[in-house]
Ligand code: PHE
Ligand code: ZN
């Protein structure tokens, strides 16, 4: 039997990068589209690098080659070889034209990469997904991002079955053909890498809006979706227009084609895709209406629409030289998207949301066997590197640079970056170089952040000398160790800080050796392993507020007393740091409960929140966040023998203490007051009320399950929109309430034809805590609406269970692990990307308590011994086992 290591696929290394020996100047694609079979003729105008003499080699996977000609002559079988996903052709020279004809089988493509069918054979439509290496599933091509070509695409198909024909670029003619067929052509004037190619063909409806860019270009915006959901695209259209204006105003970037197409599909592996001129979206991130979307989902739609649009500059006009530079476009675009969302909504709430995500998704990734640098040095399957590290940590790195340069400096740097790299395939060095040069600063030390895995730790110690009225703050950084490696050189770490007096006011900062001013906040960039800052003229012992706004993606260790954290929680004016103080205090309170020997922090936390709960001054949404302790995944990060069920129980206890401190009366009163304003409006105060109402209901449930379930049942029944409805349903389901069954049945019927709403029905049940979850998941797999072929559905049931429900998945009998490996084997044969993503649920198994660890090890080892795993899944399993 072949073991995992024998099947281990070759590693691609950054250090092996070579410029392409052959480039493509223009490419003309001619498609003859059909559901079962599509044919395509590709004509490539080739350019050879005179400095290299490598033969012409083109990527091509699972292609059925029908014919091949070079410079107009049919090639004999001896003049080319197609093996191991490479087509090698003899006799090509600079300026040669290669023409290949291939046949594709879209309906049989379950991996959803290349050309595939979305929906049913009868009514579905055809579309493509090419990032990262999907184009080689469509035609023979040097499928790498540093080969940029001008595309002209002609689509031909039956008019009745495929009335809408779309490709990237500007429309360049359309017309009738014989036999009820028609054609359409699109020409893209901007050279682009193959991963940005896209086409869509089928029965789709559209929303249209005229837009004029700041530099005067009229653009037609068109959002396409299937007829039954087109009315749910209005919010996305507004978000698109806001994104376009924002990029003009904030970065001076204008759109650059005459049309901008956006298409929604239910069958998509990822969130959305920035294909040039033809963005394709997972419907989950495009459709929104009050009856089927929560407030959070509205925010996601706005953010993802913006993200894909922003890629037009950060990704498309300036693309990546190779996939190791992925964060050059993704980290930067996430940062742009986050800044946009902060401008459109509340900046501190956005920051809290983003940091919470970083801690929940990226920190665990960076602390376990799947850890990798933002710019990895090697990979075997690039699809496995669309990770929280490349995206979220990558964005944090850009944020540090932006903070370092300041608003104007960053804009100057970005102007330089876009100008100098327009039309190029760039590297992270190009990025840091442009930002630095435009500001006469050397930013290259920040490259170290891109090259090392692990979350650095920052230790802070304060010492107050009352006689000299001096406060000394010592900051020490510590990179997570890699066994057998040299200690790493220190990283530049920007620390934004302030000092608070014990009465909660901010102190002016007199930092020794720095220009004084009447500053109350400043950024100190730590460049050494350890550094001391001396503040003079400090009247009494201060409480430092550090890393304000989360100024660097590190883990801060500071020996605050509970009273000091409570002071920051009560008074910090930086909304993020106020929340952060509460999170730290809650973590201490959790440890109080866990270790059972003190309750200082617990009391301090509950008391501070009780004071805030009654204060009028605080925003409802921020209050809701303050009342929420760190999640189970985050709490587990601090432990070494993890028992997820125990953690769940303790976290519930922690919240019960808080609820008791707030008191049932106060909670009921608050709930009633909030319930008095029930609307579906999306303005900030309405959203904030819904968020707090949910939190209050959850806390009430811990005090008075029966009473809270009555409220929840009524809230479910009367909810005017999805936010309130789903919140109520979750309380019923998680509380194993009697009323849960009726509500679930009602929801199932009400949304029988609404795929996205049904996904939430699966998720909410897959996330019921504890042992019963697994039985429920098994039962739900038998629901007529469950299918392993739809990534959203798999994510909503299995993903929610294995990655979003630690106390349900990590059963001590190992049944959760065995279920996962069985499903992985089935899923892998259908869609390797979906399987690989699900398999990351095993990350961190080495830190489970012994029984679960052994059960997990057995399951993973069994999967690793399975023959014929995809490269995607094999790489994840291989890494996880290490
Ligand atoms: N590039 C897409 C984005 O972040 C993500 C994606 C990657 C989509 C690979 C599909 C395939 O915007
Ligand atoms: Zn992106």
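None of the figures in this text is laboratory data; all of them are computed from the coordinates on show. Everything numeric here is computed off the predicted structure, so don't read it as measured data. Counting neighbours? That spans all protein chains shown, and the Cβs are built from the backbone with ideal geometry, glycine included.
Compared with the alpha-carbon gap, the fully stretched path from residue 86 to residue 714 is longer by 219.9 nm at 0.36 nm per residue. Sorted fewest first by neighbouring Cβ atoms within 10 angstrom, 341, 395, 69 come out as 69, 341, 395. Take the alpha carbon gyration tensor of the range 598-746, find the square roots of its eigenvalues, order them as a ≥ b ≥ c, and report rounded if a/c is under 1.5; if not, report prolate when a/b exceeds b/c, else oblate. It comes out oblate by the Cα gyration axes. Averaging the sequence gap over all C-alpha pairs within less than 8 Å and six or more residues apart, then dividing by the number of residues, gives the range 776-882 a relative contact order of 25 percent.
Helix 739-750 and the longest principal axis of the C-alpha atoms of the chain enclose an angle of approximately 30°. For the chain, take the longest principal axis of its alpha carbons; what is the angle in degrees between that and the long axis of helix 575-595, to the nearest 10 within 0 to 90? Taking Cα atoms only, the helix is inclined about 70 degrees.
How much length is gained if the chain between residue 347 and residue 666 is pulled fully straight, taking 0.36 nm per residue apart and subtracting their Cα-Cα distance, in nm to one decimal?
Details: separation 319, 0.36 × 319 = 114.84 nm, distance 2.91 nm.
Extending this stretch completely gives an extra 111.9 nm.
So if each residue of separation counts as 0.36 nm, and I subtract the Cα-Cα distance between residue 748 and residue 573, what length gain in nm does that give?
Net length gain for the segment: 58.5 nm.
Put a dot 7 Å past the Cα of residue 79, heading toward its Cβ, do the same for residue 529, and the two dots end up 6.5 nm apart. Rounding to the nearest 10 and keeping the result within 0 to 90°, find how far the Cα-based axis of helix 644-662 lies from the longest principal axis of the chain. Long axis of 644-662 versus the principal axis of the chain: about 50 degrees. Distance between the modelled labels on residue 639 and residue 677, one decimal in nanometres: 3.8 nm (7 Å Cα→Cβ projection). Relative contact order, whole percent, for the chain stands at 9, derived from Cα pairs under 8 Å and 6 or more residues apart.
Listing 600, 657 from the residue with the fewest other Cβ atoms within 10 Å to the one with the most, what is the order? Don't skip to the answer; put the middle values down first.
Details: 600 13, 657 19.
The order, fewest Cβ neighbours first, is 600, 657.
Using the Cβ-Cβ distance between residue 21 and residue 378 with R0 set to 22 Å, the FRET efficiency works out to roughly 0.50. Which FRET efficiency value, to the nearest 0.05, do you get for residue 448 and residue 822 by plugging their Cβ-Cβ distance into 1/(1 + (r/R0)^6) with R0 = 41 Å? E(calc), rounded to 0.05, equals 0.45.
Kindly identify the range 506-647 as rounded, prolate or oblate by the Cα gyration tensor criterion: order the square roots of the eigenvalues as a ≥ b ≥ c, call it rounded if a/c is under 1.5, otherwise compare a/b with b/c, prolate if a/b is larger, else oblate. Before the final figure, lay out each step's value.
Values: a/c = 2.05, a/b = 1.48, b/c = 1.38.
Cα axes put the range 506-647 in the prolate bin.
The antiparallel fraction among DSSP beta bridges confined to the chain stands at about 80%.
Mind ranking 170-182, 572-584 by how tightly packed they are, going by the mean number of other C-beta atoms within 10 angstrom, highest first?
Values: 170-182: 11.8, 572-584: 22.4.
Top of the packing list down: 572-584, 170-182.
Using the count of nearby Cβ atoms within 10 Å as a rough guide to exposure, how do 738, 592 rank from fewest to most? Spell out each step's value before the answer.
Details: 738 11, 592 21.
Ordered from fewest to most neighbouring Cβ atoms within 10 Å, 738, 592 come out as 738, 592.
If r is the Cβ-Cβ distance from residue 741 to residue 515 and R0 is 51 Å, what FRET efficiency results, to the nearest 0.05? E(calc), rounded to 0.05, equals 0.15. Annotation: the antiparallel percentage among DSSP beta bridges lying fully within the range 158-284 is about 65.
How would the range 842-882 be classified by its alpha-carbon gyration tensor: rounded, prolate or oblate, with rounded meaning a/c under 1.5 and the a/b versus b/c comparison settling the rest?
On the way: a/c = 3.76, a/b = 1.86, b/c = 2.02.
It is oblate, given that a/c is not under 1.5 and a/b is not larger than b/c.
Each label was represented as a point 7 Å from its Cα along the Cα-to-Cβ direction; for residue 812 and residue 122 these points are 5.1 nm apart. Paramagnetic label reach from residue 422 (point 7 Å along Cα→Cβ; backbone nitrogen cut-off under 15 Å): within the range 295-327, residues 312-319.
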